[in-house]
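Any read-out appearing in this document is the output of simple, stated calculations on the displayed coordinates, not a laboratory observation. Remember, it's a predicted structure, so these values are computed and weren't measured experimentally. We place every Cβ from the backbone using ideal geometry, glycine too, and count neighbours over all the protein chains shown.
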Amino acid sequence: MISLITILAHLGSGYEEPQLHPDLFWPPLMALFWFCVFWLLPLLIFVLVVYCLISLPLRLQERARFFLDLLETGLARGQSSETAIVSASQSQDQTLGIRFHLLAAYLETGLRLTEGLGKVPQLLPPQVVGMLAAGERLGDIRKVLPACRRSLTDGTSKLMSGLNYWIVLVVVVNPAGLVIWPFLTTVIVPKFQEICVYLLGGKPLPPLLQIMVEHKTLVSVVQGVLIFVMASTLLAYVMGPRGIGWLAWATDRVAWRLPWRRKRMQRDFSAMLAVLLDAAVPEPEAVRLAAASTANRVFIQHAELVVARLGTGLPLTDVVAELDDAGEFRWRLTNAVHARGGFMKALTGWHEALEAQAYQQEQAASQVITTALVIINGVVVGMICVGVFQVLTTVVTDLSSW
């Protein structure tokens, strides 16, 4: 027993605790650092940018609704619209935003509300600005506030459609394809050509891979154009008309051709026209002001044709067909003329129907586009896989026959 204890004590006296060298920790820490810099940080920035763009329509909608609430509160207290905005700005509330305070600064110089809004175009949607201008002409902005709020119901639809387009851009029409496709045709496909030369006695590539090689430049150009168009369309769709004002000549024509956008124009026009007609505004002027509230040049041009036909003595119910190919607006307006309670009350149901139809058509169109692009993407990937497996099956078949 004593000898065993002596031996263990002797062995323990020679034991030294291992020391960890600092160089053991340096490579993992550097790897973690570069991972955060080149992968994690760009990913977080990308997610933040996507979140800001996707939520932009709803944030703009809520900002405009908050502005209308402040304006209505001030008007209810007996203040003018300009005084209501200036007094709210004097509270120094930072949640109002810098554009709101800039508008208040313009109003303090003596400008009218719509003149100040023209100098701060990013504060409110152009449709709301047009409606407020009609309210100023009418002499009572409170009468147009319900129509203004009705025009602020498109944010949810834009959010859902924008999300669908983001999915298409990131997952289906992936910008990484601009690198993947040249890599396949420059590095991978030539390797299969070498296999065909050395193992198959110079046999040509299968038809699908041969097409990839012959038309690689065309495919890359088409893919780049598609990515650019999708990204530009998504950005324009999310930012709205104020963000792409320099392209208004093109976007207005596109919006007129899109059925859901035209229905929303008809909704805004009809709501404002009803308010103006209830206020006994002359029909030609009411049509002009209501058309201006849509903020669409093509719609305003068609409205001018309506005004011109009104000048020939035709009734309004006969000439509004210029703004509605289906003829429903004419029928609704004719019924509103004979209804009790005014135009606004008689046309409220149609405004809600137009809003619901526009939402359904917009969502259906976005789903069809995303589904079609997913199918096309699957077909392209499937063709590439088939071409690769054709080479492999040909090699296996020829080698097994030796």
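Points to keep in mind about this one:
- Cut-off 14 Å between beta-carbons: net charge of the residues surrounding Thr317, Lys and Arg +1, Asp and Glu -1: -2
- Gain in span if fully extended, Ala250 to Ala365, counting 0.36 nm per residue against the direct Cα distance: 39.4 nm
- Cubic angstrom per residue, convex hull over Cα atoms of region 55-124: 76 Å³
- Local electrostatic count, Gln79, Cβ distance below 13 Å [Lys/Arg +1, Asp/Glu -1]: 0
- With 5 Å bins from 0: P(r) over region 330-402, alpha-carbon pairs, percent: 3, 13, 10, 8, 8, 7, 7, 6, 6, 5, 5, 4, 4, 4, 3, 3, 2, 1, 0
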